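**Student:** Below is the structure I would like to discuss, written out as structure tokens.
The values are calculated or read from the model by the stated rules, or taken from the named source; none is laboratory data. A quick note: this is a predicted structure, and the numbers were derived from the prediction, not measured. Ideal geometry is used to build each Cβ from the backbone, glycine not excepted, and the neighbour counts take in all protein chains shown.
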Amino acid sequence: MRKILFVAGLALTSSLASVSALGGNDPAQDGRVVHVEGKVLLSRGKDVTQLHEGDAVRSGDRLTSSSEASAQIVWHGFAAVQLRPRSDVYVNTTQGHPDLRVKTGGMLTYVKPEGTADAGQTKVQRPRFTVRTRTATMGVRGTAFYVSTPEKASDPTYFCPCHGKIHVDYSTKTAKHSEKDFDSKSHDDPRHLSDAAFDPVPKGTEPHHSEEEIQALEKLVE
């Protein structure tokens, strides 16, 4: 299976193995639902319930949104995501680091930049935040990006580096190992990811996300 690694401000070594619940049920590691529109289901073990504002999202949970549903979730006051309609997302926490796998559908992610320490103070490290798809692993510290994974495996994954510097390691059938650096100011270089290529999307492709939506996520972690 091909692996693609997106890194903003840190180095990661990851695989696309299946996600398991390694983080336990430590409330300090939970995400918090701040907004829900429509019907989003929360699967936890054998229990399936409808997601509501104020609910905790824990390691091992699965989130499934209906055709007109969405949800906003905040982790640790430093990261926020917006789940899109018709999305299927698995949540994992590994050693305190949130790890989300987007099986299908779309998700917009914002990770708050680490603050600069004052003189004589130690800079506090944020937890690592990882988003996975079947073709990519994105590890970020201080950036915003959007990813959309189609239900059909042969269709390419859509990736937009909305803001921030992102280093990309990836492989295709013709290039076993390549890398590319993004320095995106405003949705500058969206890409299609497939087993065959890592190409710019055709002009006129609908982005399915906006600057206003990113700003809304930023406000959730101010």
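**Student:** Among the residues of the stretch 73-85, is there at least one that is farther than 21 Å from Glu218 by Cα and modelled with pLDDT of 95 or more? It would help to see each step written out before you state the result.
**Tutor:** Going through the stretch 73-85, the residues farther than 21 Å from Glu218 by Cα turn out to be none.
No, the stretch 73-85 contains no residue that is farther than 21 Å from Glu218 by Cα and modelled with pLDDT of 95 or more.
**Student:** Those residues that are outside any loop (DSSP other than H, G, I, E, B) and acidic (Asp, Glu), I need them from the stretch 62-100; list them, please.
**Tutor:** Pass one, the stretch 62-100, residues outside any loop (DSSP other than H, G, I, E, B): 62-65, 70-75, 79-83, 88-94, 97-100.
Asp88, Asp99, listed by residue number.
**Student:** Still on this structure, I have one more. Looking at Asp47, Asp55, Asp61 in this structure, which one is modelled with pLDDT of 90 or more and within 22 Å of Glu151 (Cβ to Cβ)? Working first, answer last.
**Tutor:** Details: Asp47 fails: within 22 Å of Glu151 (Cβ to Cβ); Asp55 fails: within 22 Å of Glu151 (Cβ to Cβ).
Of the residues listed, the single one that is modelled with pLDDT of 90 or more and within 22 Å of Glu151 (Cβ to Cβ) is Asp61.
**Student:** When the residues of the stretch 150-171 are filtered to those that are modelled with pLDDT of 80 or more and part of a strand (DSSP E or B), which remaining residue is farthest from Glu218 (Cα to Cα)? Step through it out loud before you land on a result.
**Tutor:** Taking the stretch 150-171 as the starting set, the residues that turn out to be modelled with pLDDT of 80 or more are 150-163.
Now narrow it down to the ones that are part of a strand (DSSP E or B): 157-163.
Numbers: Thr157: 24, Tyr158: 22, Phe159: 19, Cys160: 17, Pro161: 16, Cys162: 13, His163: 12 Å.
The selected residue is Thr157.
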